[in-house]
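These notes concern the structure reproduced below.
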Amino acid sequence: MESGSSFAASTPLPDLDEYVRSSEAWFRSNLQALVEHPTVSPGAVNDTEIRAGLATASEILRSSGADVEIVESKGTPSLMARIRHAQPRARVLVYNHLDVQPAERAGWRQADPFRFEVEPHPERGFLYRGRGTTDDKGPALCAVRAASWATSRGLPIEVAFLWETEEEIGSPNFLDVVRARKDALGCDCVIVSDTIWPTADQPAISAGLRGSLQALLRLRTAEQEVHSGLAGGVARNPVRELCVLATAIDAAGFWHEGVVPPDAEEIASFMRSGFDPHYFLHAHHLERVTTEVPLEMMLRLWTRPTFEIHGLTGGYQGRGTKTIVPHEAELKISFRLVPDQDPRAIGEALLAFVARFNPDVTVTIGGSFAPYRSDPRGRVHDAIHDALQSATGRAPVTIREGGSIGAVPVLAAELGVGVHFLPLSLPDHGYHAPNEYFDWRQARIGMTAFARTFAALAS
């Protein structure tokens, strides 16, 4: 990819607006086709729906001018596609994922979360409802439609697509997929559209992702539960001991090791993001939070590690009270880690801490993936920045992302190129939540921004 460029955000692309406006029927039809495959990440347990979804995705990409290949793995396969050019001036790889979170009907307005529904909206055109609409099938289709436009104009750019099917379970086999097709995946840069804006009206470019480390803590102290009146005070209580251990981990410093605070320039960009605590609480249906100070909220979400308890099992779980001392318990925990932290080092520190604090507790380290920091400078970042500004009329701000994408550090390390972000989703779209949706305004912005990015990189 050449370093110079004569393309600017103001460069006229006279047919692009009409092309995007006329794409709503295409977008709606293909999003429905993808959403109505319940491609819930199953690992290797049952891949029937994922394979059906991949077949539909393959047809969409082929009809858009791409060569398509299904890449097998020890788990579920990935889809690799490429819209070729004989003499490309740039080669771009766009990563998305086809798998989705589970969706229980409780809490959903829809009778079936995998039944695609469309609702007119006065400001956003249409709301597209269903599991997977914003995470990540809608954004994926925006990139495909934009690549089709670039091809129809004869732009000297080659756009490849890599759609994973295990992102929602931590990408356990993604490294094998990338290594198996490393030569074919060679590119000048990777663009990911699986992150969000801070508010509904302020475009943003993510410059950092948190990593993750999961663990399961177990403690067994007896063969069976006992009556608390007969053995209480002598019998050890594993539920209580794991609660005390969790409190100690929360207060410990080991999971803060390696954190590099943001500098003044990055904080200034955060402050320009328009982050609104009330919008944030409403979008995520939160009633009580740890702080409502905007800057402190952003710092905690984007720049600091977290320790979370996801579940505690053990003892009596039925109605009323059963006065027993439980004999075993399990605690499910995770850490979200920020750039410059090493999940392996944090895992080793966790093992050492638990061994000192309560050596009878066993620790099983689960999935982990590294955090990632992108470079908010250079030709690719500038192209995305200018494209989003042209598509929205507002200059995007640079922020970080609180979530994790396990594929990103793998792509950066294995392909040796920078990974950049073109976010399209909004907090109120409902990532991982009931009533997930995407909207036509964001889809229109996405198609326009991707197309302008491709045009800039091809110039």
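Summary of values
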| quantity | calculated |
| --- | --- |
| Meets criteria (under 26 Å from Asp342 (Cα atoms), surrounded by 16 or more Cβ atoms within 10 Å (Cβ to Cβ) and at pLDDT 95 or above) for Leu242 | yes |
| Region 425-454, residues that are aliphatic (A, V, I, L, M) and within 30 Å of Gly107 (Cα to Cα) | Leu426, Ala433, Ala443, Ile445 |
| Boolean, Arg220 is of a type in the set (Lys, Arg) and surrounded by fewer than 22 Cβ atoms within 10 Å (Cβ to Cβ) | yes |
| Scope region 80-102; condition assigned to a loop (DSSP other than H, G, I, E, B) and under 21 Å from the mean Cα position of the chain (by Cα); matching residues | Leu98, Asp99, Gln101, Pro102 |
| Long-range neighbours under 6 Å by Cβ, at least six apart or interchain, first residue under 18 Å from Asp135 (Cβ atoms) and in the same structural domain as Val419 (by TED's automatic domain parsing) within region 90-110, second among the aromatic types (Phe, Trp, Tyr) and surrounded by 20 or more Cβ atoms within 10 Å (Cβ to Cβ) | Val94/Phe161; Asn96/Trp163; Leu98/Trp163 |
| Among residues of region 308-331, those that are touching a Gly at 6+ places or on another chain (Cβ under 8 Å) and aromatic (Phe, Trp, Tyr), counted | 0 |
| Complete set of residues in region 334-349 that are touching a helix residue (DSSP H, G or I) at 6+ places or on another chain (Cβ under 7 Å) and buried (at least 19 other Cβ atoms within 10 Å of the Cβ) | Phe335, Leu337, Ile346 |
| Spans of strands (runs of 3 or more DSSP E) in region 354-459 with at least 2 residues closer than 29 Å to Leu217 by Cα and in contact (Cβ under 8 Å) with a residue 60 or more places away in the chain | 362-369 |
| Single residue of Ala248, Ala200 found to be in the same structural domain as Val380 (by TED's automatic domain parsing), out of contact with any strand residue (DSSP E or B) (no Cβ under 9 Å at 6 or more places or on another chain) and either under 25 Å from Ile333 (Cα atoms) or not acidic (Asp, Glu) (or both) | Ala200 |
| Residue match in region 277-290 (condition: among the small types (Gly, Ala, Ser), at pLDDT below 95 and either touching a strand residue (DSSP E or B) at 6+ places or on another chain (Cβ under 6 Å) or under 27 Å from Gly406 (Cα atoms) (or both)) | yes |
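Every residue, every condition in (1) buried (at least 18 other Cβ atoms within 10 Å of the Cβ); (2) of a type outside the set (Phe, Trp, Tyr); (3) modelled with pLDDT of 95 or more; (4) under 22 Å from the mean Cα position of the chain (by Cα), yes or no:
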{"site": "Glu2", "(1), (2), (3), (4)": "no, yes, no, no"}
{"site": "Ala9", "(1), (2), (3), (4)": "no, yes, no, no"}
{"site": "Asp15", "(1), (2), (3), (4)": "no, yes, no, no"}
{"site": "Ser22", "(1), (2), (3), (4)": "no, yes, yes, no"}
{"site": "Val35", "(1), (2), (3), (4)": "yes, yes, yes, yes"}
{"site": "Val45", "(1), (2), (3), (4)": "no, yes, no, no"}
{"site": "Ala52", "(1), (2), (3), (4)": "no, yes, yes, no"}
{"site": "Ala66", "(1), (2), (3), (4)": "yes, yes, yes, no"}
{"site": "Pro77", "(1), (2), (3), (4)": "yes, yes, yes, yes"}
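The values are calculated or read from the model by the stated rules, or taken from the named source; none is laboratory data. Quick caveat: nothing in here was measured; it's all calculated off a predicted structure. Cβ: placed from backbone, ideal geometry, glycine included. Neighbour counts: every protein chain shown.
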